[in-house]
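Here the structure comes first, spelled out in structure tokens, and everything after it is commentary.
Read-outs: derived from the displayed coordinates by stated rules, not from any lab. Note that this is a predicted model, so its numbers are computed, not measured. Positions of Cβ are backbone-derived with ideal geometry, glycine not excepted, and every protein chain shown enters the neighbour counts.
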Amino acid sequence: MCLDWRFRTFFTRRLLPNVLDIRLVGSTFSGKLPRQRYGILDTDLGGFTTFGGFRSRVDRPYEGQTLLGIFWEHNFRTVPFEIIGWRWAVKRNLGLLVHGAHGRTWLDDQNRIGPNYSPSYVEKVHHELGVSLNGIFDLVRFNVTKRLEPACIYVSVEMARIF
């Protein structure tokens, strides 16, 4: 199941106000679940990311019979650059975003190891926080994300979300 919310936060009278986007991803099961029906929490795809995935995990997505993830980003648009007087950034429609992700998957003990299969899962909650510069060449977004445990910094690129 995936739920998306969008809240207008500041400067709501603008054509494109500042917004907070939240995505909640979760699944559970009852009975015996075959491996091909496990759920996943998305991750970075070779330096390219999307909203609703971990930007600081560059290997495989987290798999599990049960999972829960929350992904959020606050788009401040051009407001921070307007406040500090960087008119050149405002004219180029560069925006600033703050984002984060938190999630975990669960697997039964008997499903953790199998012939020719080793699932990608995490024993504890994955946390990450980041900052993005949006609107580069009007289409690209540059992300810098810090994974909180183990402490690592990751850089990625994605298509800018216009609306």
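In the list (i) 42, 34, 31; (ii) 59, 28, 24; (iii) 56, 29, 24, the label attached to Cα extents along the principal axes in Å as derived from the coordinates here is (ii). Cross-link partners of Lys91 among aspartates and glutamates, defined as those whose alpha carbon lies under 17 angstrom from its own and excluding same-chain residues fewer than eight positions apart: Glu82, Asp138. Note on Lys124: aspartates and glutamates with a C-alpha under 14 Å away, same-chain residues under 8 apart excluded, are Glu63, Glu149.
What is the magnitude of the charge dipole of the chain about its Cα centre, with +1 placed on the Cβ of each Lys and Arg, -1 on the Cβ of each Asp and Glu, and no other charges, expressed in debye to the nearest 20? Present the calculation step by step, with values, prior to reporting the outcome.
Numbers: 22 positive and 15 negative charges, 106 e Å.
In total the dipole reaches around 500 debye.
Exposure proxy check: Thr49, Thr43, Thr78 ranked by fewest other beta carbons within 10 Å?
On the way: Thr49 27, Thr43 19, Thr78 23.
Ranked by crowding around the Cβ, least crowded first: Thr43, Thr78, Thr49.
Highest GNM mean-square fluctuation among Ile153, Ile40, Ile22, for the chain modelled with Cα contacts below 10 Å: Ile153. With the simple spin-label model, which puts each label point 7 Å out from Cα in the Cβ direction, the Ile22 to Arg6 separation comes to 1.6 nm.
What FRET efficiency, computed as 1/(1 + (r/R0)^6) with R0 = 22 Å and r the Cβ-Cβ distance, is obtained for Arg35 and Lys124, rounded to the nearest 0.05?
Working: r = 22 Å, r/R0 = 1.01.
Working from the Cβ atoms, E equals 0.50.
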